[in-house]
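See below for the structure under consideration.
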Amino acid sequence: MRQHIARVTESAPDGPFHRLRLACGHVASHARPGQFVHILPRAAGGGQDPLLRRAFSVMSVTGERALELRQQTHSPENGASFEILFRIGGRGTSALARCRAGDELDVLGPLGNGFDLRVPTQQAPLFLVGGGIGVPPLIFAAHTVSHETGTATVAPSAPSIEAFVGARTASEIVGETGLAAVAQVHLATEDGSRGQRGLVTRALEDRLVAAAQGGKRPTVCACGPWSMLRAVALLCAQFKVSCQVSLEENMPCGIGVCNGCVVPVLNAPDDYGRFQRICVQGPVLNSLIVDWGDASVHSAGPSLPATVDDSMDDPVHQGASQ
Ligand SMILES: Cc1cc2nc3c(=O)[nH]c(=O)nc-3n(C[C@H](O)[C@H](O)[C@H](O)COP(=O)(O)OP(=O)(O)OC[C@H]3O[C@@H](n4cnc5c(N)ncnc54)[C@H](O)[C@@H]3O)c2cc1C
Ligand code: FES
């Protein structure tokens with residue numbers, strides 16, 4: 001875990017959300033898709049209010065420079081930066097949205113495990129499922145995978161990355177343009193103002209049916225509200241498809257000491273019993289180990305790993321924490 005003073009280089013509204021770019025070579029060169037940063041939402045060195053950091057997924061890192069750094073030395077680089085996108089809600093996000101270029105923020109990161117991403121193929125495509133402000137880590141995942149496979153643009157007839165983006169209404173759709181450069185995008189809005197009317201899981205189900213009929217074995221990575229993730233977990237269990245979920249619970253400390261971020265899990269082997277601290281053991285978990293409070297997820301699907309740790313050997317095992 002590393003602490004940084006990061007300079008804001010861009011701060012702008014983005015539809016109903018707000019986008020911040022922060023200069024920080026370490027995060028830009030080390031962050032993996034699904035990892036997050038924990039930011040003190042006040043000027044670095046100024047006061048104590050608000051007290052708690054806020055967690056945000058890394059949405060992108062500066063293009064060529066950061067990608068070169070990943071492949072080479074992993075050394076900090078002053079010119080590299082990363083981006084977050086957030087919904088303005090309470091005091092912390094309101095304060096962050098008031099930041100201007102040149103302000104400095106105290107940042108911990110990158111934190112958490114991130115998605116375990118395999119190179120997708122037409123027979124084993126990657127399905128990214130995002131709801132609302134859960135989409136940013138999936139944008140990072142899509143671009144990282146497409147960079148690693150050398151596919152700058154998607155061939156629409158045979159995509160190996162498909163993105164399923166859900167929102168309440170058209171103005172709240174996140175990341176459509178960026179995702180469309182590297183993935184086939186399926187949109188769903190609850191009010192029908194863009195894409196398919198209804199929940200994003202309907203579009204996912206249609207594609208899971210098609211994949212099963214075509215003998216394909218997709219991998220699913222999802223991020224969004226708990227109810228959406230539970231529905232995705234159930235579908236994946238029914239179709240016997242591996243699924244990783246990124247859980248965005250409140251994270252008061254972000255470093256494993258407060259227990260404020262626990263989620264219920266099945267077969268946990270440690271002192272936390274039926275809970276895992278997702279700041280250090282997540283935020284990405286195998287959907288099979290999460291206790292969704294819905295037995296059908298587990299009765300429908302493949303058998304549960306014997307313990308949470310065994311899930312590390314599962315095809316959807318998680319990456320190492322930092
Ligand atoms: C891994 C991860 C990634 C995320 N990525 C994004 C993202 O990309 N974009 C985005 O918009 N949001 C993201 N979130 C959610 C984001 O962290 C919250 O929206 C943000 O903390 C809200 O801050 P606020 O100041 O608006 O709200 P406030 O209500 O002022 O503050 C919320 C904070 O208060 C604390 N808190 C509140 N209630 C409790 C409680 N019951 N117990 C303990 N602590 C509490 C927590 O520290 C919480 O972060 C992510 C969350 C996680 C965990
Ligand atoms: S946020 Fe404190 S233990 Fe996870």
Pairwise FRET efficiency - residue 147 versus residue 101, Cβ, R0 = 22 Å, nearest 0.05: 0.20
Accessible heavy-atom area order of 274, 42, highest first, probe of 1.4 Å: 274, 42
Where labels lie 7 Å past Cα in the beta-carbon direction, separation of residue 226 and residue 191 in nm: 2.6
Area of residue 216 that stays accessible when all protein chains are in place (1.4 Å probe, Å², to 10): 80
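How would you rank 190-201, 44-55, 133-144, highest first, on the average number of other Cβ atoms within 10 Å across their residues?
Details: 190-201: 16.7, 44-55: 14.2, 133-144: 26.4.
Ranking, from highest mean packing down: 133-144, 190-201, 44-55.
The values are calculated or read from the model by the stated rules, or taken from the named source; none is laboratory data. Quick caveat, the model's predicted, so the values are computed rather than measured. Backbone-built Cβ (ideal geometry, glycine too); neighbour counts: all protein chains shown. Side chains included, ligands, DNA and RNA excluded: accessible areas come from the protein's heavy atoms. Shrake-Rupley method; radii C 1.70, N 1.55, O 1.52, S 1.80 Å.
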